[in-house]
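Asks: Got a structure for you, written out below as structure tokens; questions coming shortly.
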Amino acid sequence: MHGARHAWITFTPLVWLVTVTFTAGWQKIFSPLPAVGFLAQADKLAAAGASSAATQTLIFNARLDAAVCGVLMVLVAVILIDSARVWVGILRGTADTRVCEAPFVLSRLQAEEL
């Protein structure tokens, strides 16, 4: 319809959310402060030398949290890269812009009365 004229309306919040999300994810994984970073917390617990089962569980959980956070950041990056590829195709006119949604069908169910 309007091309890229109004794209900034959705692009600005996207840039803000991606910046905040990736900054927070990076800090949660790699921050040297044990109160913030998962890996720093695991290293602090491992350096404490307590080899109880509860401590080993906390170390494992902190490293698992770091791995899950990293995987989610990679998945978000992949989604953004693929979305950018589609957006560029649409703006260049080389990608199809058809909407493939099912048409609206009115439900035969009655609304519940309070």
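The values are calculated or read from the model by the stated rules, or taken from the named source; none is laboratory data. All figures in this text were calculated on a predicted structure; none of them were measured in a lab. Cβ coordinates were reconstructed from backbone atoms using ideal geometry, including for glycine residues, and neighbour counts include every protein chain displayed.
Asks: Considering only the range 4-17, I want to know if a residue exists there that is loosely packed, with under 10 Cβ neighbours inside 10 Å and part of a loop (DSSP other than H, G, I, E, B).
Replies: Yes, because at least one residue in the range 4-17 is loosely packed, with under 10 Cβ neighbours inside 10 Å and part of a loop (DSSP other than H, G, I, E, B).
Asks: Suppose we keep only residues that are outside any helix (DSSP H, G or I) and polar (S, T, N, Q) within the range 56-114. Which one would you say is modelled with the highest pLDDT?
Replies: T94
Asks: When you check Q27 against the structure, is it among the polar types (S, T, N, Q), surrounded by 10 or more Cβ atoms within 10 Å (Cβ to Cβ), outside any loop (DSSP other than H, G, I, E, B) and more than 21 Å from the chain's Cα centre (by Cα), yes or no?
Replies: When the stated conditions are applied, Q27 does not pass them.
Asks: Here is a further query. Between a first residue in the range 65-93 that is farther than 20 Å from T19 by Cα and a second residue that is of a type in the set (A, V, I, L, M, F, W, C) and part of a helix (DSSP H, G or I), which pairs have beta carbons less than 7 Å apart while being 6 or more apart in sequence or on different chains?
Replies: Final answer for the pair search is D65/F38.
Asks: Is one or more of the residues making up the range 46-53 part of a helix (DSSP H, G or I) and exposed (fewer than 10 other Cβ atoms within 10 Å of the Cβ)? Don't jump to the end; show me each part of the working.
Replies: Our first condition is that a residue be part of a helix (DSSP H, G or I); within the range 46-53, this holds for 46-47, 53.
Those still in the list that are exposed (fewer than 10 other Cβ atoms within 10 Å of the Cβ) too: 47, 53.
The answer is yes, given that some residue of the range 46-53 is part of a helix (DSSP H, G or I) and exposed (fewer than 10 other Cβ atoms within 10 Å of the Cβ).
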